[in-house]
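Okay, structure first, notes after.
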Amino acid sequence: MTMSRFSGALQLADMDDFITPSQICTKPISIDKAKTKTGSKITINGDICFEEFENKKQNLKKVEISLQDCLACSGCITSSEGVLITQQSQDELLKVLRENSKIKASGDCDNVRTIVFTVATQPLLSLSHRYQISAEKTARHLAGYFRSLGADYILCTKVADDLALLECRQEFMERYHENKNLTMLSSSCPGWVCYAEKTHGNFILPYVSTTRSPQQIMGVLVKQFLAKKLNIPGSRIYHVTVMPCFDKKLEASREDFFSKTNNSRDVDCVITSVEVEQMLTEDERTLTQYDPEDLDWPWSDTRPNYMVWAHEATLSGGYAEHIFKFAAKELFNEFTPKELEFKQLKNRDFREIILEKNGKAVLKFAIANGFRNIQNLVQKLKRGKLVKYHFVEVMACPSGCINGGAQVRPTTGQHVRELTQQLEELYQKLPLSQPENSTTKHIYCDFLDGFQTEKSYELLHTSYHAVENQFGASLNIKW
């Protein structure tokens, strides 16, 4: 197989918390038996493979594994680090940007593409720490850098983060009213979703929230809402997201997120924090050498005072906190503190919070980060031994998205936990977002035909698919 460069730092994640590609992570090659030569010999010389027969040599074609091959295969779960991702690399991004610049220069307006970047909060904090500047300055210098590459619009994920929280909490309320003993699991982490689909399939998927992740909600907004504002087809927009983990590349490549209406993916390319750092390093420049610019907000008439926002105190979108506060108020008329206190259980990556009324636990939420905790959670659920949680925020990475597998890692020998703590401190300094605001109301009214409509469900929710394992129980790894 050939490997496309999308990261030079594949040692990012703790190896005891991720399952790496196994020997069965291969794509079968179709062999034409009629052309097979008896007695031939295959020779590998570096990156070149050739077949020798009767003193003749013939180069053999390399096998490429696409994203769809990876998603269709049940041989492994990965954080995308060992998978060929042809269309999700920094090389591919730079190639598209160069080609688009040439088209612009030629005056071919019919074929030029509108380049849109969407940046998540966690990469901004990672780059903020790397270049020792504030998150606000990082956002503006990064916008200047992307402009220099040929970007037309640079957005942040705030509006999609807000919509994801609103939709997820509404989904929880609907499920709770149907079954007060429900367990609902969050779905914004693609590493966890991939694991659920390939390992536990039809058993676990009914528990998983159908709300799209902020990345994919942003894809819909860019390819449909923004495209309408700009009066161009969505297929003429090249949408790039900057994310904290490699699994987001796999998520963007799911067939579920290919729009037949636009004949394009909602997200065309995903690059990560560490890839942005690599691009800057290759240019022999630092982020602060690029002139700062504001992020764009094409769906709002007023520019916000801040470019970077936090959602609750936790570091992966605030799902457990936000839904817990809302449910406590709406279901039991209980007003919770502004900052919730989650109780740490066996380790710092599994925490819970309980609302009691008249001495009885009426709401029980948890946060489970890292595959050890995820596997324990699912196995207990399967055995019926799980103390019922109404909602669990699930993230594949220890400490959640702030410690995503593609965040910039220290070069000074600093321990990852210490780095994560410093990123947490940066996160706590950000202003808090309130999901119900004029922008989200405008989106629901002007684009989604209102709240809880068929259109809002169609565009802000998705479905999952059990993947049958054809190669045996390769994922039954005990931690």
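The values are calculated or read from the model by the stated rules, or taken from the named source; none is laboratory data. All values reported here derive from a predicted model rather than from experimental measurement. Ideal geometry is used to build each Cβ from the backbone, glycine not excepted, and the neighbour counts take in all protein chains shown. The accessibility values were calculated without ligands, DNA or RNA, using every heavy atom of the protein model including side chains. Shrake-Rupley method; radii C 1.70, N 1.55, O 1.52, S 1.80 Å.
Key figures
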quantity	calculated
Residue list for region 208-227, filter: farther than 19 Å from Cys168 by Cβ and either without any contact (Cβ under 8 Å) to a residue 12 or more places away in the chain or open to solvent by less than 10 Å² (accessible area, probe 1.4 Å) (or both)	Val222, Lys223, Phe225, Leu226, Ala227
For Arg351: the one exception among (1) surrounded by 12 or more Cβ atoms within 10 Å (Cβ to Cβ); (2) modelled with pLDDT of 90 or more; (3) over 21 Å from Ala310 (Cβ atoms)	(3)
Exclusive hit being modelled with pLDDT under 95, closer than 24 Å to Lys158 by Cβ, of a type outside the set (Phe, Trp, Tyr) and within 24 Å of the chain's Cα centre (by Cα), set Ala320, Ala313	Ala313
Region 320-347, subset of a type outside the set (S, T, N, Q) and without any contact (Cβ under 8 Å) to a residue 12 or more places away in the chain, residue nearest to Gln434 (Cα to Cα)	Lys338
Residue check, Thr439 free of Cβ contacts under 8 Å to residues at least 24 places away in the same chain, out of contact with any His (no Cβ under 9 Å at 6 or more places or on another chain) and under 30 Å from Glu136 (Cβ atoms)	no
Test for Val193: is it under 20 Å from Phe257 (Cβ atoms), in contact with a Leu (Cβ under 6 Å, 6 or more places away or on another chain) and touching a residue at least 24 places away in the same chain (Cβ under 8 Å)	no
Lys223 vs. criteria at pLDDT 95 or above, in a helix (DSSP H, G or I) and either in contact with a helix residue (DSSP H, G or I) (Cβ under 8 Å, 6 or more places away or on another chain) or among the small types (Gly, Ala, Ser) (or both)	yes
Those helices (runs of 4 or more DSSP H) lying entirely in region 105-187 with at least 2 residues free of Cβ contacts under 8 Å to residues at least 24 places away in the same chain	158-178
In region 456-479, the residues that are part of a loop (DSSP other than H, G, I, E, B), open to solvent by 60 Å² or more (accessible area, probe 1.4 Å) and either modelled with pLDDT of 80 or more or at positive phi (or both)	His465
Restricting region 380-395 to residues that are among the hydrophobic types (A, V, I, L, M, F, W, C) and over 21 Å from the mean Cα position of the chain (by Cα), the residue that is surrounded by the most Cβ atoms within 10 Å (Cβ to Cβ)	Leu381
Residue list for region 134-158, restricted to those being in contact with a strand residue (DSSP E or B) (Cβ under 9 Å, 6 or more places away or on another chain) and among the hydrophobic types (A, V, I, L, M, F, W, C)	Ala139, Leu142, Ala143, Phe146, Leu149, Ala151, Ile154, Leu155, Cys156
Residue within region 235-242 that is crowded, with 18+ Cβ neighbours inside 10 Å and either among the polar types (S, T, N, Q) or closer than 30 Å to Ala366 by Cβ (or both) present	yes
Tally of residues being modelled with pLDDT under 95 and either among the basic types (Lys, Arg) or crowded, with 20+ Cβ neighbours inside 10 Å (or both) across region 168-182	1
Condition check for Leu205: outside any loop (DSSP other than H, G, I, E, B) and under 30 Å from Lys180 (Cβ atoms)	yes
Phe335, sole failed condition from (1) open to solvent by 30 Å² or more (accessible area, probe 1.4 Å); (2) among the hydrophobic types (A, V, I, L, M, F, W, C); (3) at pLDDT 95 or above	(3)
Selected residue [surrounded by fewer than 17 Cβ atoms within 10 Å (Cβ to Cβ), in contact with a Phe, Trp or Tyr (Cβ under 9 Å, 6 or more places away or on another chain) and among the hydroxyl-bearing types (Ser, Thr, Tyr)] from Thr453, Thr411	Thr453
Set Pro398, Pro304, Pro298: member being at pLDDT below 95, under 20 Å from the mean Cα position of the chain (by Cα) and open to solvent by 20 Å² or more (accessible area, probe 1.4 Å)	Pro398
